[in-house]
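First the structure, in the form of structure tokens, and then the observations on it.
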Amino acid sequence: MFCTNSSFRFVRMSSANNTFENVKAVILSAHKSTTSREKVSFYNSWAENYDQDVAVLEYRAPSLAANCISSHFGGAREAAVVLDVACGTGLVAKQMKQHGFGQFVGVDGSEAMLDAARKNGFYRDLKQSLLGEEPLPSEWGLFDVVVIVGALSVGQVPVGAVRQLCKATKPGLSGYICMTTRSNQDNLEYKATLELELRQMEKEGLWTCVEVTEVDKWERAVSDQEDGYIPGAVYLYKKL
Ligand SMILES: C[S@@+](CC[C@H](N)C(=O)[O-])C[C@H]1O[C@@H](n2cnc3c(N)ncnc32)[C@H](O)[C@@H]1O
């Protein structure tokens, strides 16, 4: 089934057609979206099938980010407040709950993804914001952990938004910021710009790098130029 959304046609499917080839067609249809607004429109059309489809893709970023945070976070987890930026349907909160974290606030640009997250019941608050065009709807210095998974890439959340993630985090070495990005060919330019900004912010004394993990088997490749699995990276910083 096809869904017309603004000037783009996104491939849609029922969960019964949830094969790798079908999921690949869905993802490739989103590559026509070049702006954040178009991408979020795509996520509105994908929300219903997102969880099943990313399972087919063997999308591991939420569990990799949650493992990374869990292996460094030393505070009281049940009380720690986590800001999940570009939270989607809530896969990151689901993983972090398994590590004992209990308080989640979510932000996303897609109303349909937020509706799905609301139904999952992990978040005490959910807010809509199109990052890059709108500010992060958060008080500064409030969160024990700020996490962004699967959204730092071309056409999604611009690199400039990373400073706001740092501002939202508790200062004084008690707050962590965890970010992920893809390391495959079409995201290498974005990744290089992101890493320049991360290093620049470290030079400015805003945070310190705790861990960077490059992962070979990030998720299954969908583009015709790539086979097997694409790589990705998890970054963990501590706010100063
Ligand atoms: C690949 S999903 C990741 C969702 C979730 N973090 C996960 O790992 O399953 C990307 C999410 O980023 C959101 N997103 C993309 N660009 C955005 C923007 N500029 N502002 C806010 N949300 C955005 C989409 O709506 C979508 O929910």
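Read the figures in this text as sums done on the coordinates, not as results from a lab. Since the structure is predicted, the reported quantities are computational estimates derived from the model, not experimental observations. Quick reminder, even Gly has a Cβ in these numbers, built from the backbone with ideal geometry, and neighbours come from all protein chains shown.
The alpha carbon centroids of segment 207-221 and segment 81-137 are separated by 21 Å.
For the residue pairs Lys97/Lys191; Lys167/Lys203; Lys24/Lys217; Lys94/Lys191, alpha carbon separations beyond 24 Å are given by Lys97/Lys191; Lys94/Lys191.
Using Cβ point charges alone (K and R +1, D and E -1), the dipole size of the chain about the Cα centre works out to roughly 440 debye. Quick check on the chain: helices-only [θ] at 222 nm, where DSSP H runs of length 4 and up contribute -39,500 (n - 2.57) each and the sum goes over total residues. Nearest 500, please. Helix contribution divided over all residues of the chain: -10000 deg cm²/dmol.
Determine one quarter of the surface area of the Cα convex hull of segment 96-220, which equals its mean projected area, and express it in nm² to one decimal. Its average projected convex-hull area is 8.6 nm².
Taking every C-alpha pair closer than 8 Å and separated by at least 6 residues, the mean separation divided by the residue count of the chain gives a relative contact order of 18 percent. The residues neighbouring Glu219, those whose beta-carbon lies less than 10 Å from its own, together hold a net charge of +3 under the Lys/Arg +1, Asp/Glu -1 convention. Each other residue within a Cβ distance under 12 Å of Cys178 adds +1 if Lys or Arg and -1 if Asp or Glu, for a net charge of -1. With neighbours defined as other Cβ atoms within 10 Å of a residue's Cβ, the residues Thr208, Thr169 order from fewest to most as Thr208, Thr169.
The local environment of Val159, defined by Cβ-Cβ distances under 13 Å, has a net charge of 0 under the rule Lys, Arg +1 and Asp, Glu -1. Here segment 31-115 is assigned +1 on the Cβ of each Lys and Arg and -1 on the Cβ of each Asp and Glu. Its dipole about the Cα centre then comes out at about 260 debye. Counting Cα-Cα pairs of the chain in 5 Å increments starting at 0 gives whole-percent bin shares of 1, 7, 14, 19, 22, 18, 11, 6, 2, 0, 0.
Residues Arg60, Arg37, arranged from fewest to most other Cβ atoms within 10 angstrom of their Cβ, appear as Arg37, Arg60. Taking the C-alpha atoms only, the angle from helix 61-72 to the longest principal axis of the chain is near 10 degrees. According to the Cα-based calculation, Rg over Rh for segment 17-151 is 0.97, with Rh computed by the Kirkwood formula.
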